[in-house]
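Colleague: Could you have a look at this structure, given as structure tokens, before my questions?
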Amino acid sequence: MVIYCLIYPILTMIFFNAWTSQSTLPGGSIGMAPIFLGIVLLIVFGIEITLVLLLKKWITSLRNKLISLIAGFFIYELTLWGFDGFGEFALLESFKEPFEEDIAGAFSFSSIFSLVIILVLMLLTEVINKKTSHNNT
């Protein structure tokens, strides 16, 4: 589970940077956004890795891994919400503007895309582990 905590901020930053390269916003609007996202991801990574290491014995089944993945997303959204001054959640804000001009949407959807990829990786490793353990018996 620790590896997924390491992959999550990297993928989120990659997807966000891909969005900023396609955005129609001027440079001043998105200039500091990657630094802001980096700070948020560092905070989320610190909280997430601490929780994963504390609950390492509990996070063994696929169900518990999925719960921890969802909890990580909520930690991310709550951190964004806190930095936004406890206004609206970034995910809810993202439906107010076109996708190319929506930084809040880019923050949330880059995280969601990362989580989907991590979910696929989790499912693949689970299937591979079941096959190898089934073949060994």
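Colleague: At most 16 other Cβ atoms within 10 Å and a DSSP loop assignment: could you name the trypsin sites (Lys or Arg not before Pro) in region 43-81 that fit? If you can, show how the numbers build up before the last one.
Modeller: Details: sites: LYS56, LYS57, ARG63, LYS65; in loops: LYS56, LYS57.
When the trypsin sites (Lys or Arg not before Pro) of region 43-81 are filtered for loop state and at most 16 Cβ neighbours within 10 Å, LYS56, LYS57 remain.
Colleague: Still on this structure, I have one more. Would you mind pulling out the separation of the Cα centroids of region 114-134 and region 1-73, in Å?
Modeller: If we compute the Cα centre of each part, the gap is 19 Å.
Colleague: Report the gain in length on full extension from ASN135 to ASN64: 0.36 nm times residue separation, minus Cα-Cα distance, nm rounded to one decimal.
Modeller: 23.1 nm
Colleague: How high is the relative contact order of the chain, in percent, counting Cα pairs under 8 Å that sit 6 or more residues apart?
Modeller: Details: 105 pairs, mean separation 46.1, N = 137.
Answer for the chain is 34 percent.
Colleague: Then there's this: Which of the following values of Rg/Rh (Cα atoms, Kirkwood Rh) was calculated from the structure shown: [x] 1.09; [y] 1.17; [z] 1.04?
Modeller: So the structure-derived entry is [z].
Colleague: In angstroms, what radius of gyration and Dmax does region 10-74 have, counting Cα atoms only?
Modeller: 15.5, 47
Colleague: Place a point 7 Å from the Cα of THR125 along the Cα-to-Cβ direction; which residues of region 28-69 have their backbone N under 19 Å from it?
Modeller: Residues 45-69 qualify, since their backbone N sits under 19 Å from the label point.
Colleague: Over the chain, give the accessible area per residue in Å² for a 1.4 Å probe, as an integer.
Modeller: I get 59 Å² per residue for the chain.
Colleague: Based on DSSP H runs of at least 4 residues, each adding -39500 (n - 2.57), what is the mean residue ellipticity at 222 nm of the chain after dividing by all its residues, to the nearest 500 deg cm²/dmol?
Modeller: Computed mean residue ellipticity for the chain: -26500 deg cm²/dmol.
Colleague: Right, something else. In whole percent, and with a 1.4 Å probe on the protein chains, what portion of the accessible area of the chain is carbon and sulfur?
Modeller: Ligands and nucleic acids excluded, carbon and sulfur give 72 percent.
The values are calculated or read from the model by the stated rules, or taken from the named source; none is laboratory data. Computed from a prediction, not measured in an experiment: that's the story for all the values here. Glycine gets a Cβ as well: all are built from the backbone with ideal geometry, and neighbour counts include every protein chain shown. To get the accessible areas, we keep the full protein, side chains included, count just its heavy atoms, and leave off ligands, DNA and RNA. Shrake-Rupley method; radii C 1.70, N 1.55, O 1.52, S 1.80 Å.
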